[in-house]
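The values are calculated or read from the model by the stated rules, or taken from the named source; none is laboratory data. Quick caveat: nothing in here was measured; it's all calculated off a predicted structure. Every residue, glycine as well, gets a Cβ built from its backbone with ideal geometry; the counts of neighbours run over all protein chains shown. The accessibility values were calculated without ligands, DNA or RNA, using every heavy atom of the protein model including side chains. Shrake-Rupley method; radii C 1.70, N 1.55, O 1.52, S 1.80 Å.
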Amino acid sequence: MKVLYILKQDASETAKTFIEVQKKLAEVTVVDLRKDKNYDDIIDKVVSSDKVICW
């Protein structure tokens, strides 16, 4: 399963915990919208992911 986390700000401790646990179970990609402005690439990642979680 492919999981995409989209972060709009620094990840809270809860978010970091979720991401670390999910990495043990699935292929996880994290996108920080403050740093990554390549929206074509972000949309490709959204479309190819089974789950998308925004924080």
* **Net charge of neighbours whose Cβ lies under 11 Å from the Cβ of D10, counting Lys and Arg as +1 and Asp and Glu as -1** => +1
* To do: Under 23 Å between C-alpha atoms is the cut-off here; go through the chain and count lysine pairs that meet it, provided they're at least eight residues apart or on different chains.
  => 27
* Surface accessible to a 1.4 Å probe, per residue, for the residues of the chain, Å² -> 73 Å²
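Please work out whether the chain counts as rounded, prolate or oblate from its C-alpha gyration tensor, where a ≥ b ≥ c are the square roots of the eigenvalues and a/c under 1.5 means rounded, while otherwise a/b larger than b/c means prolate and anything else oblate?
Working: a/c = 2.60, a/b = 1.16, b/c = 2.24.
Taking the square roots of the gyration eigenvalues as a ≥ b ≥ c, the chain is oblate.
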* Among S12, L25, V52, which residue has its Cα positioned farthest towards the positive end of the charge dipole of the range 3-55, with +1 placed on the Cβ of Lys and Arg, -1 on the Cβ of Asp and Glu, and the dipole taken about the Cα centre? -> S12
* **Using θ = phi - 60° and Karplus 6.51 cos²θ - 1.76 cosθ + 1.60, couplings along the range 40-47 (whole Hz; Gly, Pro as x)** => 4, 5, 4, 4, 4, 5, 4, 5
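What's the longest uninterrupted piece of the chain once you rule out the trypsin sites (Lys or Arg not before Pro) that are loop residues per DSSP with at most 13 other Cβ within 10 Å?
On the way: sites that count: K8, R34, K35, K37.
The answer is 9-33.
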* For the chain, which whole percent of the accessible surface, found with a 1.4 angstrom probe, sits on carbon and sulfur atoms? -> 53 percent
